[in-house]
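Quick notes on the structure that follows.
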Amino acid sequence: STCVCYIERIGFSIAYTVAADAAGINQSSKGTILSTFYYGYACSQVPGGWAAQKIGGRKVLLLSFVLWSLTCFLVPLDPNRVTILVVARLLVGVAQGFIFPSIHTVLAQWVPPHERSRSVSLTTSGMYLGAAMGMLFLPSLVKLKGPESVFLAEAALGVLWSVLWFKYATDPPRSEHPKAAAAGFGESLLPTEASPRTKMENGGSTVKATKIPWKKILISRPVWAIVVNNFTFHYALYVLMNWLPTYFEQGLQLSLQEMGSSKMMPYLNMFLFSNVGGIVADHLVTKRVMSVTKTRKFLNTVGFIVASIALLALPIFRTSGGAILCSSVALGFLALGRAGFAVNHMDIAPRYAGIVMGVSNTAGTLAGIIGVDMTGRLLEAAKIEYSGLSSPESWRAVFFIPGWLCIFSSFIFLVFSTGERIFD
């Protein structure tokens, strides 16, 4: 699921960049179109968590995939038809906004606490595998069949995944399910369609209503620590994901088609480091080397600080190898940091994991809106000031902003986060 979603996202940035450059679209306008997706994505994060909580993550996940796949299939890629592109990207953003809250709801319902780091890391690492595959194969597809072919390929992948999910996915385990019983949780932990029933004096039963503690969630400092780090993670990720093709093409004067497999290394590194982070986190917790709180803080801090150093160094390197190395280290260690803040949703609020994920992912999506659009404006201004985008000065602000945000966010998480359950 996450792999296919990110093939779609990286695919649009690649296909649209080629089509927009051919049509003479300026950088500021490109940034506006590329950021449109995130407006729709932001609008559906909290509703996505609510829907997954009430309807079930399995159903919501399927519906969201069908909607964005149909949109990709039906809408043509024409940079000059701005209104149609904006509406299409908003629709895809809204549909994909339901995906991650649904996934976190499903994981919280199925996965026992001692396996959460690995399960979240493995599941979300699909994002980076998808981005790596997109960077490797889609430029060649664009060259052979044109930008429009990317949309059709993405729609086909979305439909294929939907069929597999419809055939094999099941609702969350009930209390009698072996894995639920072994982990000591199930219906007693999470409200689902089949909510816990309470016995009445006359021998009957009634469904026990679950009230979502919105106020407590929104004023919780550990929740805000997750929110701040989610914002920074996605600011760095979305800026690099949407603008690395432009950086390689115009900043370093390199052709994506001629870079071979090296251009996929930043995202492949994310895939590897994400899973390493999950394995390390679960080992530290299960072997009692560190408490859950210390484990989350340790991995988050290491990931974000190393990433910040790489981001600050990125515009200094003017070769393909140097740029690939810095972006690989930055994205790899950001993925390692996800074993800190991203898993923390289920530590502090396993019952409301989808809701808290929706809140924090809204912040992450706002980062996409702000970062992607502002980067386009920064580059347009730099293009005028430095007579082009080939100088390192043109790109310094683009990479310095997420670099310093990483340092700030790691400090916030270090001070305010916890691994203890704070929502019943």
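The values are calculated or read from the model by the stated rules, or taken from the named source; none is laboratory data. Quantities reported herein were computed from a predicted structural model and do not represent experimental measurements. Don't worry about glycine lacking a Cβ; one is built from the backbone with ideal geometry, like all the others, and counts go over all protein chains shown. Remember, those area values only see protein heavy atoms, side chains included, never the ligands or the DNA or RNA. Shrake-Rupley method; radii C 1.70, N 1.55, O 1.52, S 1.80 Å.
Annotations for the structure displayed:
- Screening the candidates L366, L331 for the property of being touching a residue at least 60 places away in the same chain (Cβ under 8 Å) and within 18 Å of Q45 (Cβ to Cβ) yields one hit, L366.
- Yes/no for F317 being within 15 Å of A342 (Cα to Cα) and aromatic (F, W, Y): no
- Counted residues, segment 68-79 - those being crowded, with 18+ Cβ neighbours inside 10 Å and in a helix (DSSP H, G or I): 4
- Qualifying positions in segment 281-301 - open to solvent by 40 Å² or more (accessible area, probe 1.4 Å) and either of a type in the set (S, T, Y) or within 12 Å of A335 (Cβ to Cβ) (or both): T286, S291
- Qualifying residue in segment 395-416 (condition: open to solvent by 10 Å² or more (accessible area, probe 1.4 Å) and without any contact (Cβ under 8 Å) to a residue 12 or more places away in the chain): yes
- Scope segment 130-139; condition buried (at least 23 other Cβ atoms within 10 Å of the Cβ) and closer than 12 Å to L268 by Cβ; matching residues: G130, A131, A132, G134, M135
- Any chance V120 is part of a helix (DSSP H, G or I) and modelled with pLDDT under 85: yes
- So F100, is it open to solvent by 60 Å² or more (accessible area, probe 1.4 Å) and either without any contact (Cβ under 8 Å) to a residue 12 or more places away in the chain or within 17 Å of the chain's Cα centre (by Cα) (or both): no
- So L91, is it under 30 Å from G376 (Cβ atoms), touching a residue at least 12 places away in the same chain (Cβ under 8 Å) and surrounded by fewer than 24 Cβ atoms within 10 Å (Cβ to Cβ): yes
- Each residue in segment 1-30 was checked for being under 19 Å from the mean Cα position of the chain (by Cα) and assigned to a helix (DSSP H, G or I), and 13 of them qualify.
- Residue within segment 316-325 that is under 16 Å from R118 (Cα atoms) and of a type in the set (D, E, K, R) present: no
- Residue match in segment 45-61 (condition: modelled with pLDDT under 80, within 30 Å of G146 (Cβ to Cβ) and in a helix (DSSP H, G or I)): no
- The residue list W68, W50 contains one member that is under 25 Å from R351 (Cβ atoms) and hydrophobic (A, V, I, L, M, F, W, C), which is W50.
- Verdict on T170 being at pLDDT below 85 and of a type in the set (S, T, Y): yes
- Filter result (of a type outside the set (A, V, I, L, M) and within 20 Å of the chain's Cα centre (by Cα)) within segment 313-350: S327, S328, G332, F333, G337, R338, G340, F341, N344, H345, D347, P350
- Set I384, I407: member being touching a Phe, Trp or Tyr at 6+ places or on another chain (Cβ under 9 Å) and not aromatic (F, W, Y): I407
- Of all residues in segment 267-302 being free of Cβ contacts under 8 Å to residues at least 40 places away in the same chain and in a helix (DSSP H, G or I), the one that is nearest to S417 (Cα to Cα): V302
- Residues of segment 35-50 that are open to solvent by less than 10 Å² (accessible area, probe 1.4 Å) and not hydroxyl-bearing (S, T, Y): F37, G40, Q45, G48, G49.
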